[in-house]
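S.K.: Can you read through this structure? Questions will come right after.
The values are calculated or read from the model by the stated rules, or taken from the named source; none is laboratory data. Quick caveat, the model's predicted, so the values are computed rather than measured. Reconstructed Cβ throughout: ideal geometry from the backbone, glycine too, with neighbour counts over all protein chains shown.
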Amino acid sequence: MTETTAGPGAGRLSAAGAAVAGAAMVTNGLAYLLPMLGARHLAAEGLSVLATVAALVAIAGVAGVGLQMAVAVHRARHPGAPTNRVTLVTTAVAAGAVVVAAPLMMTALRLSLTVVALVAGTTVAVVLSARWLGELQGEQRFLRLAWAMGVVAAGRYGGMIVALVLGADVVDTLVAGMVTAYLVLPALVWIARPARPASPDGSAAIGAALRIRQVTSAGTAALAMLAVSYADLIFARQLLSPADSGAYAVGTVLTKGALWAPQVIVVLALPRLAVGDNRVRTAVLAIVGACGAVLVAASALAGGLAFRLVGGENYASLGEYAPFFAATGALYALVFAVVNAKIAAGARWPSAPLWVAAVVLAVLTMAVAPRTFQGIMWCALGTAAATALVMILSLPSATGPAGGDLSSPPGRADDLPRPAPAAPPA
């Protein structure tokens with residue numbers, strides 16, 4: 001496996017970037033295939049449980065998203081810096097949060113204890129895998145990152161897809177997904193093995209160790225972003241009938257498609273933003289916005305086909321709502337890009353507007369809007385639009401270097417002007 005690193009002056013997508021794009025397409029394809037098969041092989045109640053568990057794992061596993069971003073930013077500044085301790089602490093905190101929230105999930109979401117235990121077990125594997133993804137991303141070893149992304153996707157979704165095809169029920173499907181998520185971890189370790197040996201004394205790596213607060217800052221922002229983007233699915237599970245919540249779960253597949261389709265651009269840009277190359281930020285936002293516009297237009301033209309492909313013929317009549325679900329995802333894709341830019345710039349509280357948006361969405365859904373399919377959909381779309389506008393307007397000027405990563409002064413040390421030698425004393 002050949003190492004490939006994108007040069008800092010690259011003006012076009014390299015072969016490594018194309019590989020990451022392909023891996024992202026495979027990951028998204030497997031993620032979309034799972035609910036599609038669930039809609040065809042499970043009853044409405046089972047489909048709702050499967051979609052709800054997927055959302056819960058995404059929210060709990062967002063600690064891994066924060067870990068990956070923090071490790072990537074730190075490794076871009078300090079290649080070879082150790083990440084073992086923060087990985088173990090982050091994983092323990094994520095699993096502990098699921099355990100603490102277990103009674104709430106069992107009562108409010110009507111999930112069994114077995115299903116909640118599977119959520120906790122899968123969360124551990126998801127968070128652990130983020131460490132090696134972050135190391136590869138931060139060091140711009142994008143070809144290996146593409147392989148690692150494919151391995152993680154196969155572990156996270158492959159077992160569940162095979163189980164559904166074989167006719168398993170929802171619990172056996174979740175068990176298969178958890179088992180395969182752990183089985184691929186050794187392959188991930190091998191892919192992410194260091195490109196060069198560490199220094200003999202390790203002093204440089206110890207001095208540049210990643211701190212927990214850096215992961216906390218990135219993880220909190222990622223948690224807020226995913227919580228607000230998945231909250232409507234959780235509310236639909238709680239407030240709607242099993243049939244309506246299952247239909248809403250089909251619609252959110254389009255939301256997730258528009259949300260994650262352009263994120264390969266963010267993956268490639270984060271290391272350069274971390275070392276002070278803020279000039280790419282405007283280009284990233286433009287590309288993400290254009291991608292979202294194309295997806296919304298396609299959903300408006302072929303909404304019935306989109307729902308039919310995702311959920312089957314029974315859901316084709318909901319095609320008129322396809323562009324609204326896609327627009328929600330496209331707006332949150334912009335939010336995700338802004339969050340990454342702020343984390344790379346060392347922002348202290350990048351998650352504050354997102355938590356406000358989550359509270360607003362909860363109030364609108366629970367107390368203001370009608371508790372219907374359309375009511376929840378409009379609340380989600382309005383919240384996404386307002387959040388994207390606030391986040392984009394809060395960005396500082398893109399001119400000049402970034403404000404630094406979460407642990408280091410802005411810019412590379414060797415990029416800073418060096419003072420002239422002092423004159424010897426008289």
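S.K.: What number of residues within the range 347-380 satisfy the criterion of being more than 19 Å from the chain's Cα centre (by Cα), touching a residue at least 24 places away in the same chain (Cβ under 8 Å) and under 27 Å from Thr282 (Cβ atoms)? Before you say what the answer is, go through the steps one by one.
M.R.: Restricting attention to the range 347-380, the residues satisfying the condition of being more than 19 Å from the chain's Cα centre (by Cα) are 348, 356, 359-379.
Among the residues that remain, those that are also touching a residue at least 24 places away in the same chain (Cβ under 8 Å) are: 348, 360-362, 365-366, 371-374, 376-379.
From what's left, under 27 Å from Thr282 (Cβ atoms): 348.
Residues that pass the stated criteria total 1.
S.K.: For the range 307-405, give me every one of the helices (runs of 4 or more DSSP H) that falls completely inside it and has 1 or more residues that are aliphatic (A, V, I, L, M) and under 25 Å from Val275 (Cβ atoms). Don't jump to the end; show me each part of the working.
M.R.: Details: elements: 322-344, 352-363, 373-393.
Ranges flagged: 322-344, 373-393.
S.K.: Show the residue pairs meeting these rules: Cβ distance below 8 Å; 6+ apart or different chains; first residue within the range 159-172 and under 14 Å from Leu47 (Cα atoms); second residue among the β-branched types (Val, Ile, Thr) and exposed (fewer than 15 other Cβ atoms within 10 Å of the Cβ).
M.R.: Filtered contacts from the range 159-172: Val171/Thr114.
S.K.: Just name the residue that is nearest to the chain's Cα centre (by Cα) out of those in the range 288-303 that are among the small types (Gly, Ala, Ser) and either buried (at least 21 other Cβ atoms within 10 Å of the Cβ) or modelled with pLDDT under 80 (or both).
M.R.: Narrowing the range 288-303 to residues among the small types (Gly, Ala, Ser): 289-290, 292-293, 297-300, 302-303.
Next, from what is left, pick out any that are either buried (at least 21 other Cβ atoms within 10 Å of the Cβ) or modelled with pLDDT under 80 (or both): 292, 299, 303.
Details: Gly292: 17, Ser299: 23, Gly303: 25 Å.
Ranking the qualifying residues of the range 288-303, first place goes to Gly292.
S.K.: OK, next. So for the range 24-34 (the condition being modelled with pLDDT of 85 or more, in contact with a Ser or Thr (Cβ under 6 Å, 6 or more places away or on another chain) and part of a helix (DSSP H, G or I)), does at least one residue qualify?
M.R.: No: zero hits.
S.K.: Here is a list: Met160, Met106. Which entry is surrounded by fewer than 21 Cβ atoms within 10 Å (Cβ to Cβ) and either in a helix (DSSP H, G or I) or in contact with a strand residue (DSSP E or B) (Cβ under 7 Å, 6 or more places away or on another chain) (or both)?
M.R.: Numbers: Met160 fails: surrounded by fewer than 21 Cβ atoms within 10 Å (Cβ to Cβ).
The match here is Met106.
S.K.: Out of the residues in the range 273-287 that are crowded, with 22+ Cβ neighbours inside 10 Å and either of a type in the set (Lys, Arg) or within 23 Å of Ala326 (Cα to Cα) (or both), state the one that is farthest from the chain's Cα centre (by Cα).
M.R.: Arg281
S.K.: Collect the residues in the range 47-83 that are more than 21 Å from the chain's Cα centre (by Cα) and over 25 Å from Trp260 (Cα atoms), keeping them in residue-number order.
M.R.: Correct list: Arg77, His78, Pro79, Gly80, Ala81, Pro82.
S.K.: Please specify each residue of the range 224-271 satisfying the condition of being in a helix (DSSP H, G or I) and polar (S, T, N, Q). Spell out the reasoning first.
M.R.: Kept after step one, since they are in a helix (DSSP H, G or I), are these residues of the range 224-271: 224-239, 242-260, 263-271.
Residues satisfying the conditions are Ser229, Gln238, Ser245, Thr252, Thr255, Gln263.
S.K.: Can you tell me which residue among Ala81, Ala39, Ala63, Ala51 is aliphatic (A, V, I, L, M), closer than 20 Å to Ala337 by Cα and either in contact with a helix residue (DSSP H, G or I) (Cβ under 6 Å, 6 or more places away or on another chain) or in contact (Cβ under 8 Å) with a residue 24 or more places away in the chain (or both)?
M.R.: Details: Ala81 fails: closer than 20 Å to Ala337 by Cα; Ala39 fails: closer than 20 Å to Ala337 by Cα; Ala51 fails: closer than 20 Å to Ala337 by Cα.
Answer to the selection: Ala63.
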